[in-house]
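Below: the structure, in C-alpha coordinates.
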Amino acid sequence: MFTRDRLTETAWIVIGLGRVLNWLFLLGVLLLLVLSWLFAESLISFLSNSNPGVDAASEATGLRLEMLIGILAAIATGRLLAALRDVLATARAGDPFVAANAGRLQAMGWALLALQLLDIPASLLGRFVPSLGSAAPNGDISLGGWMAVLLLFVLSRVFAAGAVMRDDLEGTV
Amino acid sequence: MPIKVTLDEVLERRGLSLTQLAQAVDITLANLSILKTGKAKAMRFSTLEAICTVLNCQPGEILSFDPTDERV
(Lines give C-alpha, C1' and ligand atoms only; values in the text may rest on other atoms or scores of the structure.)
Protein backbone atom coordinates (compact mmCIF):
# COMPACT_ATOMS: atom_id res chain seq x y z
CA MET A 1 0.00 0.00 0.00
CA PHE A 2 2.90 2.29 0.87
CA THR A 3 4.41 1.73 -2.59
CA ARG A 4 1.11 2.54 -4.29
CA ASP A 5 0.70 5.71 -2.25
CA ARG A 6 4.23 6.76 -3.08
CA LEU A 7 3.61 6.08 -6.76
CA THR A 8 0.40 8.12 -6.69
CA GLU A 9 2.06 10.98 -4.89
CA THR A 10 5.05 10.94 -7.25
CA ALA A 11 2.74 10.93 -10.27
CA TRP A 12 0.81 13.84 -8.74
CA ILE A 13 4.00 15.89 -8.42
CA VAL A 14 5.24 14.93 -11.91
CA ILE A 15 1.90 15.87 -13.51
CA GLY A 16 1.83 19.16 -11.59
CA LEU A 17 5.37 19.94 -12.73
CA GLY A 18 4.50 18.90 -16.28
CA ARG A 19 1.52 21.25 -16.31
CA VAL A 20 3.65 24.18 -15.13
CA LEU A 21 6.34 23.45 -17.74
CA ASN A 22 3.69 23.07 -20.43
CA TRP A 23 2.17 26.44 -19.50
CA LEU A 24 5.60 28.08 -19.56
CA PHE A 25 6.30 26.50 -22.95
CA LEU A 26 2.93 27.69 -24.29
CA LEU A 27 3.45 31.24 -23.05
CA GLY A 28 7.05 31.28 -24.32
CA VAL A 29 6.13 30.10 -27.82
CA LEU A 30 3.14 32.45 -27.92
CA LEU A 31 5.44 35.33 -26.99
CA LEU A 32 7.99 34.30 -29.64
CA LEU A 33 5.26 34.12 -32.28
CA VAL A 34 4.03 37.61 -31.42
CA LEU A 35 7.61 38.94 -31.39
CA SER A 36 8.27 37.29 -34.77
CA TRP A 37 5.52 39.52 -36.23
CA LEU A 38 6.41 42.63 -34.28
CA PHE A 39 10.09 42.40 -35.19
CA ALA A 40 9.70 40.68 -38.55
CA GLU A 41 12.44 42.65 -40.26
CA SER A 42 14.94 42.05 -37.49
CA LEU A 43 14.15 38.33 -37.57
CA ILE A 44 14.65 38.07 -41.33
CA SER A 45 17.86 40.07 -41.12
CA PHE A 46 19.11 37.81 -38.28
CA LEU A 47 18.25 34.65 -40.24
CA SER A 48 19.95 36.03 -43.38
CA ASN A 49 23.11 36.85 -41.47
CA SER A 50 23.29 33.58 -39.56
CA ASN A 51 22.72 31.44 -42.67
CA PRO A 52 23.29 33.45 -45.88
CA GLY A 53 22.59 30.52 -48.21
CA VAL A 54 18.90 30.04 -47.31
CA ASP A 55 15.71 31.96 -48.07
CA ALA A 56 15.24 33.91 -44.80
CA ALA A 57 11.62 34.91 -45.51
CA SER A 58 10.67 31.29 -46.15
CA GLU A 59 12.56 30.21 -43.03
CA ALA A 60 10.73 32.83 -40.93
CA THR A 61 7.36 31.59 -42.23
CA GLY A 62 8.43 28.02 -41.47
CA LEU A 63 9.44 29.00 -37.94
CA ARG A 64 6.09 30.72 -37.37
CA LEU A 65 4.22 27.64 -38.59
CA GLU A 66 6.39 25.52 -36.32
CA MET A 67 5.52 27.77 -33.39
CA LEU A 68 1.82 27.47 -34.27
CA ILE A 69 2.12 23.67 -34.22
CA GLY A 70 3.91 24.00 -30.87
CA ILE A 71 1.07 26.10 -29.46
CA LEU A 72 -1.56 23.60 -30.62
CA ALA A 73 0.52 20.75 -29.17
CA ALA A 74 0.82 22.60 -25.84
CA ILE A 75 -2.95 23.15 -25.70
CA ALA A 76 -3.58 19.44 -26.38
CA THR A 77 -0.94 18.46 -23.81
CA GLY A 78 -2.53 20.82 -21.27
CA ARG A 79 -5.92 19.19 -21.73
CA LEU A 80 -4.37 15.73 -21.47
CA LEU A 81 -2.49 16.57 -18.27
CA ALA A 82 -5.53 18.28 -16.71
CA ALA A 83 -7.69 15.21 -17.35
CA LEU A 84 -4.93 12.93 -16.04
CA ARG A 85 -4.64 15.05 -12.89
CA ASP A 86 -8.41 14.78 -12.32
CA VAL A 87 -8.29 10.99 -12.77
CA LEU A 88 -5.37 10.79 -10.37
CA ALA A 89 -7.24 12.99 -7.87
CA THR A 90 -10.06 10.42 -7.75
CA ALA A 91 -7.48 7.65 -7.25
CA ARG A 92 -5.89 9.61 -4.39
CA ALA A 93 -9.35 10.03 -2.86
CA GLY A 94 -9.75 6.22 -3.09
CA ASP A 95 -12.67 6.31 -5.52
CA PRO A 96 -11.43 6.13 -9.14
CA PHE A 97 -14.21 3.98 -10.62
CA VAL A 98 -16.65 6.79 -11.28
CA ALA A 99 -18.49 7.71 -14.48
CA ALA A 100 -16.66 11.06 -14.67
CA ASN A 101 -13.36 9.24 -15.21
CA ALA A 102 -14.76 7.58 -18.34
CA GLY A 103 -15.31 11.07 -19.77
CA ARG A 104 -11.84 12.14 -18.65
CA LEU A 105 -10.20 9.14 -20.32
CA GLN A 106 -12.10 9.95 -23.48
CA ALA A 107 -10.91 13.57 -23.28
CA MET A 108 -7.35 12.26 -22.88
CA GLY A 109 -7.89 10.05 -25.94
CA TRP A 110 -9.01 13.06 -28.02
CA ALA A 111 -6.09 15.17 -26.78
CA LEU A 112 -3.60 12.43 -27.61
CA LEU A 113 -5.25 11.95 -31.01
CA ALA A 114 -4.78 15.69 -31.65
CA LEU A 115 -1.10 15.34 -30.71
CA GLN A 116 -0.73 12.40 -33.08
CA LEU A 117 -2.44 14.31 -35.89
CA LEU A 118 -0.10 17.27 -35.34
CA ASP A 119 2.71 14.96 -36.45
CA ILE A 120 1.31 15.27 -39.98
CA PRO A 121 1.74 19.07 -40.43
CA ALA A 122 5.03 18.85 -38.51
CA SER A 123 6.29 16.24 -40.94
CA LEU A 124 5.03 18.24 -43.95
CA LEU A 125 6.71 21.37 -42.61
CA GLY A 126 10.09 19.68 -42.55
CA ARG A 127 9.56 18.40 -46.08
CA PHE A 128 8.18 21.56 -47.73
CA VAL A 129 10.24 24.18 -45.90
CA PRO A 130 13.78 22.83 -46.35
CA SER A 131 15.21 26.18 -45.27
CA LEU A 132 14.32 25.21 -41.67
CA GLY A 133 17.16 22.69 -41.77
CA SER A 134 17.85 21.20 -38.36
CA ALA A 135 15.16 23.48 -36.85
CA ALA A 136 12.45 21.44 -38.64
CA PRO A 137 10.15 19.62 -36.22
CA ASN A 138 10.39 15.88 -35.87
CA GLY A 139 7.08 14.66 -37.31
CA ASP A 140 7.75 10.94 -37.27
CA ILE A 141 4.64 8.81 -36.95
CA SER A 142 4.62 7.15 -33.53
CA LEU A 143 3.02 3.71 -33.50
CA GLY A 144 3.06 3.74 -29.69
CA GLY A 145 1.18 7.04 -29.66
CA TRP A 146 -1.56 5.68 -31.91
CA MET A 147 -1.81 2.56 -29.76
CA ALA A 148 -2.14 4.79 -26.68
CA VAL A 149 -5.02 6.68 -28.36
CA LEU A 150 -6.80 3.38 -29.01
CA LEU A 151 -6.04 2.21 -25.47
CA LEU A 152 -7.52 5.37 -23.94
CA PHE A 153 -10.75 5.12 -25.94
CA VAL A 154 -11.12 1.44 -25.01
CA LEU A 155 -10.34 2.17 -21.34
CA SER A 156 -12.93 4.94 -21.40
CA ARG A 157 -15.60 2.43 -22.46
CA VAL A 158 -14.40 -0.05 -19.83
CA PHE A 159 -14.62 2.63 -17.12
CA ALA A 160 -18.10 3.69 -18.28
CA ALA A 161 -19.35 0.08 -18.09
CA GLY A 162 -17.53 -0.47 -14.78
CA ALA A 163 -19.06 2.65 -13.24
CA VAL A 164 -22.58 1.49 -14.21
CA MET A 165 -21.89 -1.96 -12.76
CA ARG A 166 -20.54 -0.47 -9.56
CA ASP A 167 -23.54 1.80 -9.31
CA ASP A 168 -25.81 -1.22 -9.63
CA LEU A 169 -23.80 -3.18 -7.09
CA GLU A 170 -23.98 -0.31 -4.60
CA GLY A 171 -27.78 -0.50 -4.63
CA THR A 172 -27.80 -4.29 -4.29
CA VAL A 173 -28.73 -5.79 -0.94
CA MET B 1 -40.49 1.88 -8.64
CA PRO B 2 -43.36 -0.60 -9.13
CA ILE B 3 -41.67 -3.16 -6.84
CA LYS B 4 -42.57 -2.52 -3.20
CA VAL B 5 -40.81 -3.98 -0.19
CA THR B 6 -43.29 -4.82 2.52
CA LEU B 7 -40.79 -6.08 5.06
CA ASP B 8 -42.27 -3.85 7.77
CA GLU B 9 -45.60 -5.66 7.80
CA VAL B 10 -44.04 -9.13 8.02
CA LEU B 11 -41.67 -7.98 10.77
CA GLU B 12 -44.60 -6.57 12.73
CA ARG B 13 -46.55 -9.82 12.37
CA ARG B 14 -43.54 -11.81 13.59
CA GLY B 15 -42.86 -9.33 16.40
CA LEU B 16 -39.29 -8.75 15.26
CA SER B 17 -37.30 -5.55 14.96
CA LEU B 18 -35.06 -4.72 11.99
CA THR B 19 -32.01 -5.03 14.27
CA GLN B 20 -33.01 -8.54 15.31
CA LEU B 21 -33.56 -9.52 11.69
CA ALA B 22 -30.18 -8.06 10.72
CA GLN B 23 -28.49 -10.19 13.39
CA ALA B 24 -30.42 -13.30 12.36
CA VAL B 25 -29.73 -13.07 8.62
CA ASP B 26 -26.18 -11.72 9.03
CA ILE B 27 -26.80 -8.64 6.88
CA THR B 28 -25.85 -5.18 8.06
CA LEU B 29 -28.57 -3.04 9.56
CA ALA B 30 -27.68 -0.31 7.05
CA ASN B 31 -28.31 -2.65 4.09
CA LEU B 32 -31.57 -3.94 5.56
CA SER B 33 -32.64 -0.37 6.15
CA ILE B 34 -31.94 0.43 2.47
CA LEU B 35 -34.08 -2.56 1.53
CA LYS B 36 -36.90 -1.67 3.93
CA THR B 37 -37.13 1.94 2.77
CA GLY B 38 -37.30 0.91 -0.90
CA LYS B 39 -33.95 2.50 -1.80
CA ALA B 40 -32.37 -0.77 -2.99
CA LYS B 41 -31.92 -1.21 -6.74
CA ALA B 42 -31.58 -4.99 -6.60
CA MET B 43 -31.85 -7.89 -4.17
CA ARG B 44 -29.74 -11.03 -4.16
CA PHE B 45 -31.50 -14.41 -4.06
CA SER B 46 -29.26 -15.27 -1.09
CA THR B 47 -30.62 -12.24 0.82
CA LEU B 48 -34.19 -13.16 -0.07
CA GLU B 49 -33.58 -16.76 0.99
CA ALA B 50 -32.06 -15.69 4.33
CA ILE B 51 -34.93 -13.30 5.13
CA CYS B 52 -37.59 -15.84 4.11
CA THR B 53 -35.89 -18.52 6.20
CA VAL B 54 -35.77 -16.35 9.32
CA LEU B 55 -39.25 -14.88 8.89
CA ASN B 56 -40.68 -18.20 7.70
CA CYS B 57 -42.45 -16.51 4.81
CA GLN B 58 -42.72 -16.56 1.02
CA PRO B 59 -40.94 -13.95 -1.17
CA GLY B 60 -44.36 -12.63 -2.18
CA GLU B 61 -45.03 -11.63 1.41
CA ILE B 62 -42.13 -9.17 1.50
CA LEU B 63 -42.26 -8.03 -2.13
CA SER B 64 -45.20 -6.73 -4.11
CA PHE B 65 -45.70 -5.27 -7.57
CA ASP B 66 -47.67 -2.10 -8.21
CA PRO B 67 -47.61 -1.26 -11.97
CA THR B 68 -49.19 2.16 -11.37
CA ASP B 69 -46.15 3.40 -9.41
CA GLU B 70 -43.65 4.52 -12.06
CA ARG B 71 -41.38 6.59 -9.80
CA VAL B 72 -37.69 5.76 -10.10
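The values are calculated or read from the model by the stated rules, or taken from the named source; none is laboratory data. Owing to the predicted nature of the structure, the values given are computational and were not obtained by experimental measurement. When we count neighbours, we look across all protein chains shown, and the Cβ atoms used for this are built from the backbone with ideal geometry, even at glycine. Heavy atoms of the whole protein, side chains included, go into the accessibility calculation; ligands, DNA and RNA do not. Shrake-Rupley method; radii C 1.70, N 1.55, O 1.52, S 1.80 Å.
FRET efficiency for the A:Val158 to B:Ser33 pair, using the beta carbon distance and R₀ = 35 Å, is estimated at 0.60.
Less than 5 angstrom separates the built amide H of B:Leu63 from those of B:Thr6, all sequence-distant by 5 or more or on a different chain. Based on DSSP H segments of at least four residues, each scored -39500 (n - 2.57), chain B has a per-residue ellipticity at 222 nm of -14500 deg cm²/dmol. The H on the amide N of A:Thr172, modeled in the peptide plane, is under 5 Å from the matching H of B:Lys41, B:Ala42, each at least 5 residues off or on a different chain. Along its principal axes, the stretch A:1-123 has C-alpha extents of 61, 25, 22 angstrom, given from the largest down. Short-range pairs are left out: with C-alpha atoms under 8 Å and at least six residues apart, the relative contact order of chain A is 23 percent. Filter the DSSP H helices in chain A by two things, a Kyte-Doolittle mean of at least 0.5 and an axial alpha-carbon span of 18 angstrom or more, and list the hits by number. Counting only whole DSSP H runs, the qualifying helices are A:2-38, A:56-92, A:99-128, A:143-170. Taking the centroid of alpha carbons for each part, the stretch B:14-48 and the stretch A:48-105 are 53 Å apart. Here the sum of -39500 (n - 2.57) over DSSP H runs of 4 or more residues, divided by the residues of chain A, equals -29500 deg cm²/dmol at 222 nm, to the nearest 500. Taking all protein chains together, B:Met43, A:Met108, B:Met1 sort by accessible area into B:Met1, B:Met43, A:Met108, largest first [probe 1.4 Å]. Applying D = kT/(6 pi eta Rh) to the stretch A:55-127, where Rh is the Kirkwood radius over alpha-carbon pairs, T corresponds to 4 °C and eta to 1.567 mPa s, the Stokes-Einstein value obtained is 93 µm²/s. Normalised per residue, the accessible area of chain B is 66 Å², obtained with a 1.4 Å probe and no contribution from ligands, DNA or RNA.
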